[in-house]
């Protein structure tokens, strides 16, 4: 499994200049890699359930992400691309709108990933 996180906004924002953070689960110790993959599956399942319940919201992803960031001075927005097997999912979040599972996975990627 591979996760790539692009971050926009924040106190010192340089759109397009920062490289994304990348985490390969194969590079983690076996127990941590498995836990990371399970958490990623939870994040994707939550997004799938949300998209099924509110397809219009899911389609607006990037626009909503920008609007939410604008509501918080120096707020950040995140685009997480998760590659699980033969499926790739891109999920948007912001400091204002992020599930607990997304927040936990984001922290793991920021801690163990590299640019």
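Quick notes on this one:
- Residue within segment 69-79 that is out of contact with any helix residue (DSSP H, G or I) (no Cβ under 7 Å at 6 or more places or on another chain) and modelled with pLDDT of 80 or more present: yes
- Within segment 17-32, considering residues that are under 17 Å from the mean Cα position of the chain (by Cα) and in a loop (DSSP other than H, G, I, E, B), the one modelled with the lowest pLDDT: 18
- Only one entry of 49, 56, 35 meets the criterion of being at pLDDT 90 or above and either more than 23 Å from residue 8 (Cα to Cα) or in a helix (DSSP H, G or I) (or both), and that entry is 35.
- Contact map, segment 38-49: first residue over 17 Å from residue 1 (Cα atoms), second residue assigned to a helix (DSSP H, G or I), Cβ cut-off under 9 Å, separation 6 or more or different chains; pairs are 46/101; 46/102; 47/58; 47/102.
- Condition check for residue 96: surrounded by 15 or more Cβ atoms within 10 Å (Cβ to Cβ) and touching a helix residue (DSSP H, G or I) at 6+ places or on another chain (Cβ under 6 Å): yes
The values are calculated or read from the model by the stated rules, or taken from the named source; none is laboratory data. These numbers come from a predicted model, not from an experiment. Neighbour counts are summed over all protein chains in view; Cβ atoms, including those assigned to glycine, are modelled from backbone coordinates with ideal geometry.
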